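The values are calculated or read from the model by the stated rules, or taken from the named source; none is laboratory data. Since the structure is predicted, the reported quantities are computational estimates derived from the model, not experimental observations. For neighbour counting, all protein chains shown are included, and Cβ atoms are generated from backbone atoms with ideal geometry for every residue, glycine included.
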Amino acid sequence: MKLTKTVVGNFPFTQKGQVFYWDCELAGFGMYVGAKSKTWCVQQRIGNKTKRVVLGKYPTMTAEQARNAAKKAIGELASGIDTVQEKRESKIKAVTLGEVFADFLSARQLKPKTVKDYTGVMNNIYADWQKLPITDISRDAVERRHKKVGEERGEAYANLGARTLRSVLNYASAKYETGKGVSILPDNPVKRISQTRSWYRVERRTGHLKPHQLSAWFEAVLSIDNDTIRDYLLFVILTGCRKDESAKLQWADVDLIDKSYMLRDPKNKNPIQLPLSDYLVDMLIARKAKSSSAFVFPGEGVGGYLVEPKRQLAKVIEKTDMPFSMHDLRRTFVTIAESLDISAYSVKALVNHKQGEDVTSGYIQLTVERLRQPMQAITDFMLKSAGLKQSAEVVPLKQARG
């Protein structure tokens with residue numbers, strides 16, 4: 001039948017599925033009717049494939065408008081122009097940085113803190129680029145933004161921003177392709193910074209407590225009246241455990257009989273069981289006896305565990321006149337371990353660093369018992385340096401705390 005206003009107006013909606021109606025005068029011009037809508041379309045066979053192009057909805061698009069649009073679409077299809085593919089590729093090429101970043105976050109299994117850090121960098125450094133198509137982000141623009149952030153916000157932050165953008169655009173390069181399988185972003189514009197050697201040279205932080213400073217540090221920490229914060233700081237420095245992993249430690253992951261603890265979701269994604277020194281076992285036994293929380297170091301935050309106690313850290317720093325960060329305590333542990341000639345493999349295991357790609361590390365299996373002596377040796381050294389250990393036996397916790 002000829003598809004006119006009167007004819008298509010009388011087409012009934014379906015109970016389910018779709019029904020197609022084709023025009024008797026213009027081959028390939030038709031309409032499909034569903035349960036709630038009527039849609040104009042054209043359909044042509046190109047090569048071995050049938051291509052269908054949606055023209056618009058009725059009655060928003062009239063029968064006359066649809067017929068004219070169909071003639072144009074049929075002509076394009078007949079000449080080999082795949083309008084559907086062109087529209088799809090145009091849409092892909094127009095994908096914005098904000099859209100790519102949202103896809104990037106949903107595609108990767110990231111911890112909430114990592115998502116927060118990535119989002120902060122993107123919103124602070126590239127807020128005005130969020131609605132910009134990624135294909136419009138030029139190498140010159142990346143280089144200028146990197147330099148501007150370095151001058152205004154700091155060189156380390158500029159490098160962090162560029163690395164974050166590079167990761168997002170690397171994802172886009174792999175994810176978004178044309179119909180022929182060609183990436184819409186074949187060259188990551190952040191490469192310009194490497195090609196021009198424009199990365200800022202930022203010295204790695206090396207802050208840590210020296211042996212002669214441990215006496216004052218331990219004295220200040222042991223005088224903290226909040227036993228959760230006090231014990232938390234002692235746990236971090238005596239295990240080298242990351243601050244967040246220490247704060248989130250649960251009693252279910254502590255075995256006081258075996259004198260060990262388990263990190264189930266560490267930063268490197270490799271769960272590991274690690275030994276506890278005698279000093280820490282005594283401390284944890286005392287804590288568990290009066291604990292009513294699932295967390296070893298509970299706090300009043302949303303998560304239920306302790307949040308970095310910045311105010312108490314400031315008091316310790318003021319009392320000792322030794323500025324330090326929580327990560328400095330981890331560096332202190334590693335530095336002392338190395339000074340005691342503990343093997344590099346054992347040190348990496350104790351702080352749960354990746355062992356690397358060398359063949360030998362793949363053969364070495366460091367058990368809890370194999371790591372117990374190194375862990376105890378590090379604790380003994382710190383307590384001796386702090387004046388809390390006089391002999392081969394660790395001073396009882398109550399005595400150490402005065």
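Laid out as a table, the results:
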| item | result |
| --- | --- |
| Residues of the stretch 112-125 classified as in contact (Cβ under 8 Å) with a residue 40 or more places away in the chain and over 16 Å from ARG166 (Cα atoms), total | 1 |
| In the stretch 288-317, the residues that are part of a loop (DSSP other than H, G, I, E, B), β-branched (Val, Ile, Thr) and touching a helix residue (DSSP H, G or I) at 6+ places or on another chain (Cβ under 9 Å) | VAL296, VAL307 |
| From the options MET283, MET262, residue that is under 23 Å from PHE218 (Cα atoms) and in contact with an Asp or Glu (Cβ under 6 Å, 6 or more places away or on another chain) | MET283 |
| Count of residues meeting criterion [within 18 Å of GLY98 (Cα to Cα), aliphatic (A, V, I, L, M) and in a helix (DSSP H, G or I)] in the stretch 161-193 | 6 |
| The stretch 264-287: number of residues that are at pLDDT 90 or above and either more than 23 Å from LEU383 (Cα to Cα) or not in a helix (DSSP H, G or I) (or both) | 5 |
| Elements of type strands (runs of 3 or more DSSP E) in the stretch 1-79, at least 2 residues being touching a helix residue (DSSP H, G or I) at 6+ places or on another chain (Cβ under 9 Å) and of a type outside the set (Ser, Thr, Tyr) | 29-33, 38-46, 49-58 |
| Residue match in the stretch 174-182 (condition: within 30 Å of VAL316 (Cβ to Cβ) and at pLDDT below 95) | no |
| Residue check, ALA141 touching a His at 6+ places or on another chain (Cβ under 8 Å) and not hydroxyl-bearing (Ser, Thr, Tyr) | no |
| The stretch 362-402, residues that are aliphatic (A, V, I, L, M), closer than 29 Å to PRO271 by Cα and at pLDDT 60 or above | LEU366, VAL368, LEU371, MET375, ALA377, ILE378, MET382, LEU383 |
| Every residue from the stretch 112-136 that is over 17 Å from ALA158 (Cα atoms) and surrounded by 12 or more Cβ atoms within 10 Å (Cβ to Cβ) | THR114, VAL115, GLN130, LEU132, PRO133, ILE134, THR135, ASP136 |
| Residue tally, condition free of Cβ contacts under 8 Å to residues at least 40 places away in the same chain and over 19 Å from PRO112 (Cα atoms), over the stretch 240-271 | 6 |
| Filter result for LYS354 (at pLDDT below 90, over 19 Å from HIS208 (Cβ atoms), of a type in the set (D, E, K, R) and outside any strand (DSSP E or B)) | yes |
| Restricting the stretch 126-148 to residues that are assigned to a helix (DSSP H, G or I), without any contact (Cβ under 8 Å) to a residue 40 or more places away in the chain and of a type outside the set (D, E, K, R), the residue that is nearest to THR96 (Cα to Cα) | TRP129 |
| Residue within the stretch 109-117 that is at pLDDT 85 or above, among the charged types (D, E, K, R) and over 26 Å from ILE134 (Cβ atoms) present | no |
| Residue in the stretch 198-205 that is modelled with pLDDT of 90 or more and buried (at least 17 other Cβ atoms within 10 Å of the Cβ) present | no |
| Some residue of the stretch 222-243 being under 30 Å from GLY150 (Cα atoms), in the same structural domain as VAL296 (by TED's automatic domain parsing) and surrounded by 13 or more Cβ atoms within 10 Å (Cβ to Cβ) | yes |
| Counted residues, the stretch 318-338 - those being more than 27 Å from the chain's Cα centre (by Cα) and either assigned to a loop (DSSP other than H, G, I, E, B) or without any contact (Cβ under 8 Å) to a residue 12 or more places away in the chain (or both) | 5 |
| Within the stretch 194-253, tally of residues that are in a helix (DSSP H, G or I) and either within 22 Å of HIS353 (Cα to Cα) or of a type in the set (Asp, Glu) (or both) | 17 |
